[in-house]
Amino acid sequence: MTKIVAKPPHPSLRALWHRGLGHTRAARVINLIVLILAIWLAGKVTVWALLDAVAPWQDAALCKQADGACWPFLTEKMPLILFGTFPYDERWRPLMVSVSLIVMSSATLFQWCSWRWQAVGWLFSLVLFAVLMGGGHFELRAVATAQWNGLPVLLFLGTVSLAAALPVGLALALGRHAHNPWLHWPCKVFIETLRGIPMVAVLFFGVFVLPLLLGGFKLSAIYAALIVLVFFHGAYVAEDLRSGLQSIARGQWEASASIGLTHWKTLRLVILPQAIKSATPALTNTAIGGFKDTSLIVLVGLHDMLSTAKMAFSDVNWQAQALEAYVFVGVVFFVLNGVIAIAGRRLERVL
């Protein structure tokens, strides 16, 4: 005899409403107020950005009478926001560098190819960055690092520092997790020191003090900032990975030893895959925070997109368009960090 199972009744609209707003009267009131404010704000933004705005292809003179956004500002100042003071007729060079870094970052985050091809691609991208941005070779005009601004600097410091911070953080996490005091304590002191110092102070040290400590060796500000960012982010990555290592039961070490696996094979084949999976949400959060913190390089004389956006609306003809400039930069950061978040969730599912 076939057993007939009755389907549960669909919840009523009132039940869905209460479930969405909360189970208590106070929670419903607060959430309802927040919902109304969000709808009101979304309406205001829509009117400003679309309904009352001047379209990018329209005449910029219409902005004087418009109550909304002036998008012709972006049409006029987009090259300056993206590439800063890089020579105008040579802006194809930072464009190629930016495309190369975006492609390689996407290939790494979404695992489009094997790690060998990723290594070759990153090596090519870094060489391309040095050759095209600096110039002075292959009949390219030499460009001083002070003119390396905008999107390529943001992508270079953000992607390369976070990619290099992963092996640095892994080494620090293993050292701090080790029982050997000669490994444990130096790693612990290093991690806690960098985590306890503001990033701005570490940047000032790297850009202004580190070249002095290196004696006569001249180190460009952008490469000094890169070294600082690698070790700064590496300290946070180390703590994320250490949390993953601590989540692994001791019995897995003992089980691996019982079947003849050495310490390093156990670490590589059994412990680290599980630890990285457990630490993936924290690593994703660290990557997003680290990418956003890259904008602090403006405090040490380097110019990312926030700084070039300020250059754009510093023009006397566009001083009223500061909001449009920052909205564009915010959208760029939102898209880039959104890609990192999506890749992190995908990696967590794959692992």
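Coordinate-derived values only; no laboratory data. Predicted model, so just to flag it, every value in this text is computed and none were measured. So basically every Cβ, Gly included, is an ideal-geometry build from the backbone, and we count neighbours across all protein chains shown.
Within the listed set Ser100, Ser114, Ser278, the residue fluctuating most in the Gaussian network model of the chain (springs between alpha-carbon atoms under 10 angstrom) is Ser114. For the chain, the spherically averaged projection of the C-alpha convex hull amounts to 29.8 nm².
Using the Cβ atoms and a cut-off under 14 Å, what net charge is assigned to the surroundings of Cys63, where Lys and Arg are +1 and Asp and Glu are -1?
-4
With K and R counted +1 and D and E -1, the other residues having a Cβ less than 15 Å from that of Leu174 yield a net charge of +3. Taking 1.002 mPa s as the viscosity and 20 °C as the temperature, the Stokes-Einstein diffusion coefficient of the range 194-339 based on its alpha-carbon Kirkwood radius rounds to 116 µm²/s.
Comparing mean-square fluctuations of Pro72, Pro211, Pro181 from a GNM of the chain with C-alpha springs under 10 Å, the top value falls on Pro181. Calculated mean residue ellipticity, 222 nm, the chain: -21000 deg cm²/dmol, from DSSP H runs (n ≥ 4) at -39500 (n - 2.57) each, averaged per residue and rounded to 500.
Among the complete DSSP H segments of the chain, which ones combine at least 15 Å of alpha-carbon extent along their axis with a mean Kyte-Doolittle hydropathy of 0.5 or more? Flagged H segments are 25-46, 72-83, 92-109, 115-134, 161-177, 221-246, 322-350. For Gly135, the shell of other residues with beta-carbons less than 10 Å away shows a net charge of 0, using +1 for Lys and Arg and -1 for Asp and Glu.
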